[in-house]
1. Ordered by residue, what ³J(HN,Hα) values in Hz, to whole numbers, does the range 182-197 give under the Karplus form 6.51 cos²θ - 1.76 cosθ + 1.60, where θ = phi - 60° and Gly and Pro are x?
2. Which of Glu140, Glu380, Glu369 ends up with the largest GNM mean-square fluctuation for the chain, with Cα atoms connected below 10 Å?
3. Taking a label point 7 Å from the Cα of Arg247 along the Cα→Cβ vector, which residues of the range 219-234 have an amide N closer than 15 Å to it?
4. Let me have the relative contact order for the chain, percent, based on Cα pairs under 8 Å that are six or more residues apart.
5. Report, for the chain, the % of DSSP beta bridges that are antiparallel, rounded to 5.
6. Would you mind putting 258-267, 358-367 in packing order, based on average other-beta-carbon counts within 10 Å, highest first?
7. For the chain, what are Rg and Dmax over the alpha carbons, in angstrom?
8. Mind ordering 419-429, 207-217 by average Cβ neighbours within 10 Å, highest first?
Amino acid sequence: MSQKTMLLSATLSNGYGVQGQAWRAPENHRSNFTDIDAQVKLAQAAERGKFAFLFAPDFPGAGEELASQAPVSTLDPIVTLSVLAHQTTRVGFIATGSTTFNEAYNLARQFKALDVLSRGRVGWNAVTTSAPNAVANYGERVRPREQRYERAHEMIQIVQALWGSWGEDAWVHDVETGQFLDMDQIQPINLGGKHVASRGPLAIPPSEQGQPVIASAGGGEYGLGLAGRYASVAVGSSTYDFDVTRREREMYRSAVRQAGREADELKYFTGFMPVMGATVEEAIGKRMQMDEHLAPQRVPVLGLMLGLSLDASQADEPLSAAQLERARANPNDPRSARALEIARQGWTPREILAHGVIDYAPSPVGPPEAIADYLQEAFEAGIADGFWLQQATYAVADEFVDEVVPILQRRGLYHRDYRGATLREHLGVPRQYGQDPRLN
Ligand SMILES: Cc1cc2nc3c(=O)[nH]c(=O)nc-3n(C[C@H](O)[C@H](O)[C@H](O)COP(=O)(O)O)c2cc1C
């Protein structure tokens, strides 16, 4: 019997990496934000690593942080993915699309077109969009959560109905008789709710996987309700605590069961942000170089995590014996216990920070074996079906694929090749066309 293996994915962001200062990393060219070749290179690395998908977050707004940080999203996920789909053959793509600031017909058309053009490798991360500077771009104020989710349910149902409105055998294409389509199988959907409506049909045939996969990120009571009914992928909060993450996975699985589906129809992913190098010292050295300018803001935050008053003047001095004696992990910050553990090893505040302790994803540090050990431990502890690589810089994706993936494969924890051609096959989730008939 074959052993259960983990799934992997990575982040498709701004061409530099998910770390706010990644644009300053020496390996990143300044034009990466607009250079499609940087994105193609990432997609090809993900494919070499047999990743299930690249995950493209999207926050369609610009804020003050852009003075020193690159935007976290691609220029535009659908436009970017149209190119990547053409430059790859196997890796899947999950793009974020707002359920609040789109019409169902637009979303249904773009995602299904991308799914067909990629030969069935696409998913839609359906988000309700509540960041005020994104909302303002649509001339609105943030709508109450209940309303946002009511609209999200309508959106997904109508989009899926549009996807199914071109019958699976409708494309007759009979040159002799002149019949292109069997119009009995191409029917309007005539669906409308409180917020969204569409007549249909949508004139796009099925893809190799039928239609795009739905993904959900964010959780909460409303988010779980949405994921439970429609999602094949959930990207959860990425915590250091295995018990917390395992419980979150269970909550998603029970939401899926409650909706009348099988728990395994949803794959739960959790994030990690490795700090990689040939040795621990080299790994944190690279990270220190990238974060060089952040000490004034970050050393005081580290102080709060440790219950100490620290400032940037102490960035390069190990904590004194008295400080270590006084230090306590902040019980309200799940990252603090690890920060304290590392502080006790005698590192300076700048070095402690370079261990990734301030990142909002677990950050195993060191050579490829150490990263593989972390993933093995997490997977065997049953915290997730898959892991979402948040690469501090894009170069980390190549290092991870070329150095960590072979270790996972040798250990029997990860597949040596894709088992199919579509995103649904990569995930091991069932085909779906149109709305799920089990949902009322
Ligand atoms: C891993 C992860 C990725 C997310 N990606 C996005 C994103 O790309 N765009 C977005 O608007 N929200 C994103 N979110 C936020 C959630 O979708 C959700 O909007 C948020 O948790 C709360 O929204 P609500 O107030 O509408 O429930 C993400 C959340 C998580 C945990």
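1. Along the range 182-197, the couplings run 8, 5, 5, 9, 10, 10, x, 9, 6, 10, x, x, 6, 10, 9, 8 Hz.
2. Result: Glu140 has the largest fluctuation of those listed.
3. 220-221
4. 20 percent
5. Restricted to the chain, the bridges split so that about 15 percent are antiparallel.
6. Details: 258-267: 17.2, 358-367: 20.8.
Peptide ranking by packing, descending: 358-367, 258-267.
7. Final numbers for Rg and Dmax: 22.9, 89 Å.
8. So the order, starting with the most tightly packed, is 207-217, 419-429.
Read the figures in this text as sums done on the coordinates, not as results from a lab. Small disclaimer: the values here were computed from a predicted structure and weren't measured. A quick note on method: Cβ atoms are made from the backbone with ideal geometry, for glycine too, and the neighbour counts reach across all protein chains shown.
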